[in-house]
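The values are calculated or read from the model by the stated rules, or taken from the named source; none is laboratory data. As the structure is a prediction and not an experimental result, all values here were calculated from the model. Positions of Cβ are backbone-derived with ideal geometry, glycine not excepted, and every protein chain shown enters the neighbour counts.
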Amino acid sequence: MKQELFTTRTASSDKKTPATVTTSRYNMLAKVIGLTVAFTSPLAFSQNDEDATGGFNFRAEPDHWYIGGNYGRTVESIDDGEIANSIIGGGLTHLEDEDSDRGYKFFVGYQFSEHVALELGYADLGDFGVKVARAPDTGTLTGDTSYKGYNLDLVSIWPLTQRLSAFGRVGAFHYDTEENYIGTESLAASLSRDESDTGYKFGAGLEYAFTERLSARVEAERYRIEDMLSDHGSVNLYSVGLVYRFGDRAAPPKEEQPVVAQQDYCSKLDIHFEINRAEIPRSESERLNAASEFLQRYPNTKAVIEGHTDNVGSDQSNMQLSQNRADSVLQYLVGQQVDASRLSTVARGEVEPVSTNDTEDGKRANRRVLTTIDCVKDAAGLSLPEARVTVAALVEFDANSAEVNERYHADLEKAANYLRDNPNVTAHVEGHAADLTSTAKAQEISERRAANVADYLVEKFGIDRSRLTSEGFGKTRRVA
């Protein structure tokens, strides 16, 4: 209850200035919204949206009906002193203003989209009273006013998190006013008013969803009304409420991803070397390229490179030779952009043969590097990098001769047919010689042997020379 004492007899001096009233109203509105945010934010923002949803989406199905109700405090902003002065003829000296009460509203709404809804409701803004006196007269004048009516609001919604939304509203309020003034003794007078009118209203608030159907609101609204003197006043409603939503509130089902069959992909690579050498043979480079592509496709894999030898030579020299062979493979893969930290080498020497060292074929099998790459799991049926197909033709020569023997013509014809069928394929011809003559003579014979084979393919079968290369190695690359 608000009490005011007036020391003058003019009604105009009894009124508060509009600026003071407006500031007070908006301060109250700001405090309510601020307290609401402070209350709800620890609950709403401390949770990750995805974890907080509990398997539903508050706005999964935007177009739906809902109902709700609010209850709270109402505060009237009417110049009761001016109204009382007009009834008693001026000279008001004392006023007791009951400008606060309890109010409530019920509403039904339809949400058209995530951001727009329309609400139709009924609001009872409470009863407000006033009691005035005029000295030195005896008696009092008592007044009672109530406002009730229907509203139609356009609601705009702004989602803040998965559960929390802010909203604002603007609409029309068609209301009934019941107003009665009764005086006693020297202020005996009576006046009653029962009228209907239409004003506007606006407000803002926050809504927090507890479940997919039930949510809570806190909001502040202003209802503009017209008083007995046809002046504009207002009633503010600060309230909390509940909303119940209809329709399918479940989150839309996630599109099921097809189950992709998985399989393990593993890669091992055996590379063979010439006698007492650690250089990677040209014929093995394509297979190493395939291994490097596998390592690049699956960057989390690692490889262990093991070097081996036959039993020719001392244990110490074979251990060093096996290390050199493993290092050659490592450096080749690093040159193919594989990170060295993913590669490790192990020297085995001659202790882990895969074949007997009693035959030349067995020794050739033992002169090797075994590269083992981690297995990976991926979709079944993938085409992994493979080495290019190599077609080899072995041509043997008589001692100290470079002439192509007739018994190899059929093998060379097969190689030529393959080259014709695959026009993008190139061929490299290597010439070798036995350790039966001087180094210079062996080099000269090996070069002529390689050149003669290349010439035979060009002259006999018309293979483009640009697709052929030849190289002599003398007696430096022995295989037995």
Scan (1) in a helix (DSSP H, G or I); (2) modelled with pLDDT under 85; (3) buried (at least 17 other Cβ atoms within 10 Å of the Cβ) for the single condition Lys414 breaks and write down its number. (3)
Note on Tyr181: of the conditions (1) surrounded by fewer than 20 Cβ atoms within 10 Å (Cβ to Cβ); (2) in contact with a strand residue (DSSP E or B) (Cβ under 7 Å, 6 or more places away or on another chain); (3) over 25 Å from Ala117 (Cα atoms), unmet is (1)
Can Val218 be described as under 20 Å from Gly126 (Cβ atoms), aliphatic (A, V, I, L, M) and part of a strand (DSSP E or B)? yes
For Leu191, only one of the following conditions fails: (1) surrounded by 14 or more Cβ atoms within 10 Å (Cβ to Cβ); (2) of a type in the set (A, V, I, L, M); (3) under 48 Å from the mean Cα position of the chain (by Cα). What is its number? (3)
Going residue by residue through region 138-152, is there one that turns out to be within 57 Å of the chain's Cα centre (by Cα) and of a type in the set (A, V, I, L, M, F, W, C)? yes
Taking Gln443 and the conditions (1) outside any strand (DSSP E or B); (2) modelled with pLDDT of 85 or more, which numbered condition does it fall short on, given that it satisfies the others? (2)
Just to be sure before I move on: is Gly171 modelled with pLDDT of 90 or more, over 30 Å from Lys131 (Cα atoms), touching a Gly at 6+ places or on another chain (Cβ under 8 Å) and among the small types (Gly, Ala, Ser) in the structure I sent? no
Of all residues in region 358-374, which are out of contact with any His (no Cβ under 8 Å at 6 or more places or on another chain), surrounded by fewer than 20 Cβ atoms within 10 Å (Cβ to Cβ) and part of a strand (DSSP E or B)? Thr372, Asp374
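When you look at Val338, is it at pLDDT 90 or above, in contact with a strand residue (DSSP E or B) (Cβ under 9 Å, 6 or more places away or on another chain) and over 18 Å from Asp270 (Cα atoms), yes or no?
Numbers: at pLDDT 90 or above: yes; in contact with a strand residue (DSSP E or B) (Cβ under 9 Å, 6 or more places away or on another chain): yes; over 18 Å from Asp270 (Cα atoms): yes.
Against the criterion (at pLDDT 90 or above, in contact with a strand residue (DSSP E or B) (Cβ under 9 Å, 6 or more places away or on another chain) and over 18 Å from Asp270 (Cα atoms)), Val338 qualifies.
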Within region 280-290, is even one residue modelled with pLDDT under 90, of a type in the set (Gly, Ala, Ser) and within 37 Å of the chain's Cα centre (by Cα)? yes
Residues located in region 194-207, provided they are surrounded by fewer than 20 Cβ atoms within 10 Å (Cβ to Cβ) and under 30 Å from Gly247 (Cα atoms): Phe202, Ala204
Check on Ala303, among the aliphatic types (A, V, I, L, M), in contact with a Leu (Cβ under 8 Å, 6 or more places away or on another chain), in contact (Cβ under 8 Å) with a residue 24 or more places away in the chain and closer than 30 Å to Gly431 by Cβ: no
Only one of these is surrounded by fewer than 16 Cβ atoms within 10 Å (Cβ to Cβ) and modelled with pLDDT of 85 or more: Ser401, Ser355, Ser438. Name it. Ser355
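Taking the condition of being over 60 Å from the mean Cα position of the chain (by Cα), of a type outside the set (A, V, I, L, M, F, W, C) and within 29 Å of Ile275 (Cβ to Cβ), how many residues in region 411-469 meet it? So that I can check it myself, show each step before the final result.
The initial filter retains those residues of region 411-469 that are over 60 Å from the mean Cα position of the chain (by Cα), namely 411-413, 431-462.
Narrowing the set further to residues that are of a type outside the set (A, V, I, L, M, F, W, C) leaves 411, 413, 431-432, 435, 437-439, 441, 443-444, 446-449, 452, 455-456, 459-460, 462.
If we keep only those that are within 29 Å of Ile275 (Cβ to Cβ) too, we end up with 411, 431-432, 435, 437-439, 441, 443-444, 446-449, 452, 456.
Counting residues in region 411-469 that are over 60 Å from the mean Cα position of the chain (by Cα), of a type outside the set (A, V, I, L, M, F, W, C) and within 29 Å of Ile275 (Cβ to Cβ) gives 16.
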Please state which one of Ala117, Ala123 is more than 24 Å from Glu195 (Cβ to Cβ), modelled with pLDDT of 75 or more, of a type in the set (A, V, I, L, M) and buried (at least 18 other Cβ atoms within 10 Å of the Cβ). Ala117
Taking the criterion of being within 30 Å of Gly472 (Cα to Cα), crowded, with 17+ Cβ neighbours inside 10 Å, free of Cβ contacts under 8 Å to residues at least 60 places away in the same chain and not charged (D, E, K, R), would at least one residue in region 255-277 satisfy it? no
When restricted to Ser466, Ser401, the only residue over 17 Å from Arg282 (Cβ atoms) and in a loop (DSSP other than H, G, I, E, B) is Ser401
Of those in region 297-344 that are part of a helix (DSSP H, G or I) and β-branched (Val, Ile, Thr), the residue surrounded by the most Cβ atoms within 10 Å (Cβ to Cβ) is Val329
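Suppose we filter region 446-479 for residues that are of a type in the set (Ser, Thr, Tyr), buried (at least 18 other Cβ atoms within 10 Å of the Cβ) and at pLDDT below 85; how many remain?
Residues of region 446-479 of a type in the set (Ser, Thr, Tyr): 446, 456, 466, 469-470, 476.
Subsequent filtering for residues that are buried (at least 18 other Cβ atoms within 10 Å of the Cβ) retains 446, 456, 470.
Filter again for at pLDDT below 85, leaving 446, 470.
Of the residues in region 446-479, 2 are of a type in the set (Ser, Thr, Tyr), buried (at least 18 other Cβ atoms within 10 Å of the Cβ) and at pLDDT below 85.
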Just checking, which of Val132, Val108 is of a type in the set (A, V, I, L, M, F, W, C), touching a residue at least 24 places away in the same chain (Cβ under 8 Å), in contact with a helix residue (DSSP H, G or I) (Cβ under 9 Å, 6 or more places away or on another chain) and more than 19 Å from Val235 (Cβ to Cβ)? Val132
